Amino acid sequence: MSISTYQMEFNGEVLERGFWLYVWEITQGLEVHLYVGRTGDSSSAHASSPFNRIGQHLDFRKNAKGNSLAKRLEEVQVDPIKSKFRMLALGPFFPEQEDFEAHKPYRDQMATFEFELTRYLKNQGHNVLGTHYKGMAVKADHLEEVKTKVMAFLGNEIS
């Protein structure tokens, strides 16, 4: 028997709850897919950490909840076991809020960051999985900073 070993390393700051934006790069052979997501629930006042979202996104059970990345990979016939995953987390942009009314404006801003980043990446020729919706306006300089950091993660210059 041959036992495989794997390593994981992360900065503990990624455990902080709040409103985060994240980008997954999933590679299977020569195929590369991106997935853009955010923390900050649409249906409750919760805003988890990106680390927490990793396990939810990669839950491939048929009855799993919150696993939109797994569903998108299945749609494009990507075998997660044969894939390489990288994730960039940006944030937290805002802290988790006490109640749903306070939560909504931050959730909507994060939805716009998610939408605009996805649109930008697609315009740059990247294959981005999923559907994203615009929430409300965000500051242009913040969006430019997000784009710059994501493009650096992907090994590209911003254009």
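The values are calculated or read from the model by the stated rules, or taken from the named source; none is laboratory data. Just so it is clear, the model here is predicted, and its values are computed rather than measured. Using ideal geometry, Cβ is built from the backbone for each residue, glycine included, and neighbour counts are taken over all protein chains shown.
Below, the figures for the structure above:
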item: Only listed residue being in contact with a His (Cβ under 7 Å, 6 or more places away or on another chain), more than 23 Å from residue 136 (Cα to Cα) and polar (S, T, N, Q), chosen from 52, 63, 67, 11; result: 67
item: Residue within segment 66-74 that is out of contact with any Ser or Thr (no Cβ under 7 Å at 6 or more places or on another chain), outside any helix (DSSP H, G or I) and not β-branched (Val, Ile, Thr) present; result: yes
item: Within segment 120-159, tally of residues that are closer than 22 Å to residue 75 by Cα, polar (S, T, N, Q) and within 17 Å of the chain's Cα centre (by Cα); result: 2
item: Residue 27, sole failed condition from (1) over 22 Å from residue 94 (Cα atoms); (2) in contact with a Ser or Thr (Cβ under 9 Å, 6 or more places away or on another chain); (3) in a loop (DSSP other than H, G, I, E, B); result: (3)
item: Breaking point among (1) more than 22 Å from residue 151 (Cα to Cα); (2) of a type outside the set (Lys, Arg); (3) more than 11 Å from the chain's Cα centre (by Cα), for residue 14; result: (1)
item: Number of the exception - residue 158 against (1) of a type in the set (A, V, I, L, M, F, W, C); (2) loosely packed, with under 14 Cβ neighbours inside 10 Å; (3) at pLDDT 95 or above; result: (3)
item: Any pair with Cβ under 7 angstrom, 6 or more apart, that starts in segment 1-17 at a residue that is modelled with pLDDT of 90 or more and ends at one that is outside any loop (DSSP other than H, G, I, E, B); result: 14/50; 14/51; 14/89; 15/51; 16/92
item: Search result, residues across segment 69-125 that are more than 22 Å from residue 11 (Cβ to Cβ) and in contact with a helix residue (DSSP H, G or I) (Cβ under 7 Å, 6 or more places away or on another chain); result: 70, 73, 80, 97, 116, 120
